Every structure is written in C-alpha cells, then in structure tokens.
Amino acid sequence: MWPYIVRRLLSGLVMLFALTLLTFAVFRLIPFTPACIIVPCGPHTTTNDAQIRAAEHQLGTDRPVPVQYAKFVWGMVRHGSFGRSWTGASIDQSLRAALPQTISVLVGGIVLLLMLAIPLAALSAMRAQSLVDRAILLFAIFGIALHPLLLGVGLTTFFSQYLHLLPLGSFCHLVPVKPHPPPPGTPPSFLPTECGGPLAWAQHLILPWLTFALFFLPLYTRMIRARFLETLDAQYVVAARGRGVSEFRLIRSHALRPALLPLVTMIGLDLGGALMAVIYIDSIYGLSGIGTLMRTALANASGTYDLPLIAALFFVIAAFTIFVTFVVDVLYAWLDPRVRTA
C-alpha cells in the first residue's frame with residue numbers, strides 16, 4: 001500500500017511543477033512588454049528604451065524563462081511564499097483574502113447539491129415511470145443545458161432585485177471580523193460595520209450556493225437515481241419487498257449506501273471542474289474570490305497580464321485538483337487491492 005501511495009504522490013508533484021513550468025512558457029511566448037505595468041508605453045508616451053529595460057530588469061523579465069521559473073519555485077520551496085506580483089502586491093495576501101470566499105462557495109454548494117440531489121433521486125426511484133419520475137427526468141434534461149450565467153442572473157433578479165430578500169455582491173466571514181478603526185474625520189455614514197457570523201455568512205452566500213447546486217443537480221440526480229433503481233432490482237431487495245417492507249425503508253436501509261459509494265467517487269473526480277465553476281460563480285456575484293484574482297491577473301489596467309499571479313493561481317488550482325485525485329486513488333487502492341499494482 002505504501003509504495004503505491006509514494007508513487008502516486010511523486011507523480012502528482014511532477015505533474016504539478018510541470019504544469020507551472022508550462023504556464024510560464026506559454027504566457028512568455030505571448031508578445032507583450034511587461035515593463036508597461038511600471039512605466040507608460042505606447043507611441044504617445046515619452047518612455048525610452050533605457051527606461052523599459054530598467055523596468056524589465058526590476059521585474060526580472062529580462063532573464064530567461066527557466067531562470068524566472070526557478071526563482072518562482074525557489075521562493076515557494078525555501079520561503080513558502082509566492083512572492084509579489086508584477087504590480088508589487090503580495091500574492092500571499094491576495095490568496096488569503098480570496099481563498100475563504102472560493103472555498104465557502106465550493107463547500108456550501110456541494111452540501112446543498114447533496115441535500116437536493118439525494119431526496120429527488122430517491123423520490124424518482126420510488127415512483128419510477130410515474131408522473132413525478134417523468135417530471136424530475138424532464139427537469140434533469142433541461143437543467144443540463146442551463147448555463148451558470150443564466151442561473152445567476154435569474155436568481156439575482158428574482159431574490160435580490162425583485163423580492164429584496166438576499167444581499168448581493170458581498171461576503172461575510174464565518175467568524176466575525178472586527179473592522180479597522182476609521183481615519184479621523186470620517187463621516188458617520190461611512191463608518192465600517194462588523195459583518196460576520198454563521199447567519200450573515202450563509203445569507204450572503206445562499207445565491208452562489210444555489211447557482212452551484214442547480215448547475216450540477218441534474219447530472220447527480222440522474223446518476224443517483226440509476227444507482228437506486230439498480231439496487232432496488234437486486235434479489236435481496238425484491239425479497240424484502242415481498243415481506244411487506246415499505247419503499248421508504250427499502251431506500252433507507254438497502255439502497256442508500258450502495259448509491260452513495262459511487263457518489264463519493266464522482267464528487268472527488270468532479271471537484272476540479274467544480275472549482276472552475278466556482279471561479280465563474282465568483283465573477284457572476286461580484287465576490288472577491290479566485291475568479292476575481294484570475295480576471296485581474298489576465299487583464300489589468302496596463303492592458304497586459306501578471307505572470308507571477310497567474311502562475312500562483314494555476315499552482316493553487318492544480319494542487320487542489322491533484323490532491324483530490326490523489327485522495328480518490330488512495331481510497332480506491334484501499335477498497336480494491338488490485339489497483340495497487342496498476
């Protein structure tokens with residue numbers, strides 16, 4: 001078991017650093033002038049070649065790509081830090097501010113997805129070929145075609161702009177964070193207020209959670225329903241039904257566990273795509289998560305991109321995806337020893 005775990009761990013690390021190296025190489029092939037982030041560039045500016053070369057030397061972009069990448073990796077290995085972006089901002093601080101929002105949307109969205117998908121799938125399996133079952137399947141067919149943007153705009157319009165029930169475009173921490181004292185002379189109406197706690201946290205994230213859940217709900221409902229139907233056709237379940245056991249008890253005692261086992265695996269394999277969906281949802285609802293950082297890194301005020309920030313974001317996303325895949329592989333190896341020899 002341990003040799004298998006070591007092999008998977010080493011392959012994941014090699015893949016991770018290969019991806020970041022590929023990120024550096026691809027983005028450096030794009031023709032642009034990084035110095036334009038520091039000094040104004042263009043035909044209508046007075047910037048000369050010496051000033052551009054000095055700015056590139058300050059950013060370190062005048063060095064070969066392998067040297068820039070080695071410096072990036074050395075900062076992570078030795079200091080545990082991504083360093084600073086080309087704009088001078090600390091990448092670590094930006095990630096510490098963005099990751100709680102993205103993780104909150106991801107975890108809450110998965111929990112809400114399971115709370116909706118499992119009961120709907122169970123109801124559909126218990127009423128197979130009925131009007132309820134056909135309605136749920138019809139919902140699944142149309143739901144797969146829905147885009148997160150359409151879901152986000154529709155939910156925002158209905159709950160925030162029409163009913164005025166939920167806030168929009170803000171985030172409250174799960175643990176209350178005391179605001180910094182305002183500068184002297186700040187008008188009372190502009191004084192910062194404390195925002196935090198489980199209730200405020202959930203209230204500000206319910207729409208992103210709902211968007212995430214509705215986007216993945218059709219696929220998971222159909223998959224869990226198929227597993228429920230497969231288990232309900234087993235011989236021991238048919239025998240229990242012949243003894244007079246109710247359908248609800250059959251679902252709870254016999255079909256639920258077999259249906260949830262592949263569900264855990266499916267969630268693990270889909271977390272990479274789910275994280276990309278959360279990045280898109282961040283942008284829809286104006287949250288300052290990983291999606292906002294990515295948009296800022298790809299198109300800043302100078303019209304260029306911020307390679308150190310992009311590489312750090314790709315590293316975090318890839319590390320998360322590889323870690324989840326590693327955990328799923330280890331669980332597979334633990335459940336099925338034949339996998340260890342693969």
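Annotations
- With respect to the conditions (1) modelled with pLDDT of 80 or more; (2) closer than 16 Å to ALA312 by Cα; (3) surrounded by fewer than 16 Cβ atoms within 10 Å (Cβ to Cβ), GLY75 falls short on a single one, namely (3).
- Scanning segment 239-250 for residues that are among the aliphatic types (A, V, I, L, M) and in contact with a Leu (Cβ under 8 Å, 6 or more places away or on another chain), we see that the one that is surrounded by the fewest Cβ atoms within 10 Å (Cβ to Cβ) is ALA240.
- SER11 modelled with pLDDT of 80 or more, surrounded by fewer than 18 Cβ atoms within 10 Å (Cβ to Cβ), among the small types (Gly, Ala, Ser) and not in a helix (DSSP H, G or I): no
- Qualifying residue in segment 217-239 (condition: closer than 30 Å to PHE142 by Cα, part of a helix (DSSP H, G or I) and within 17 Å of the chain's Cα centre (by Cα)): yes
- Taking the numbered list (1) under 30 Å from GLU247 (Cβ atoms); (2) surrounded by 13 or more Cβ atoms within 10 Å (Cβ to Cβ); (3) modelled with pLDDT under 80 in turn, PHE142 passes all entries but (2).
- Members of segment 120-134 found to be surrounded by 13 or more Cβ atoms within 10 Å (Cβ to Cβ) and either of a type in the set (A, V, I, L, M, F, W, C) or without any contact (Cβ under 8 Å) to a residue 12 or more places away in the chain (or both), listed by number: LEU120, ALA121, ALA122, LEU123, ALA125, MET126, ARG127, ALA128, VAL132, ASP133, ARG134
- So GLY272, is it in the same structural domain as VAL107 (by TED's automatic domain parsing) and either under 16 Å from TRP209 (Cα atoms) or at pLDDT 80 or above (or both): no
- Of all residues in segment 71-91, those being of a type outside the set (Gly, Ala, Ser) and part of a loop (DSSP other than H, G, I, E, B) number 3.
- Test: LEU260 is more than 17 Å from MET115 (Cα to Cα) and more than 18 Å from the chain's Cα centre (by Cα): no
- Only one of the listed residues (LEU120, LEU165) is among the aliphatic types (A, V, I, L, M), assigned to a loop (DSSP other than H, G, I, E, B) and more than 22 Å from the chain's Cα centre (by Cα). That residue is LEU165.
- Filter result for VAL316 (farther than 23 Å from SER85 by Cα, among the hydrophobic types (A, V, I, L, M, F, W, C) and touching a residue at least 12 places away in the same chain (Cβ under 8 Å)): no
- Qualifying residue in segment 60-70 (condition: closer than 30 Å to HIS204 by Cβ and either not aliphatic (A, V, I, L, M) or not in a helix (DSSP H, G or I) (or both)): no
The values are calculated or read from the model by the stated rules, or taken from the named source; none is laboratory data. As the structure is a computational prediction, the values presented were derived from the model and not from experiment. Virtual Cβ from ideal backbone geometry, glycine too; neighbours counted across all protein chains shown.
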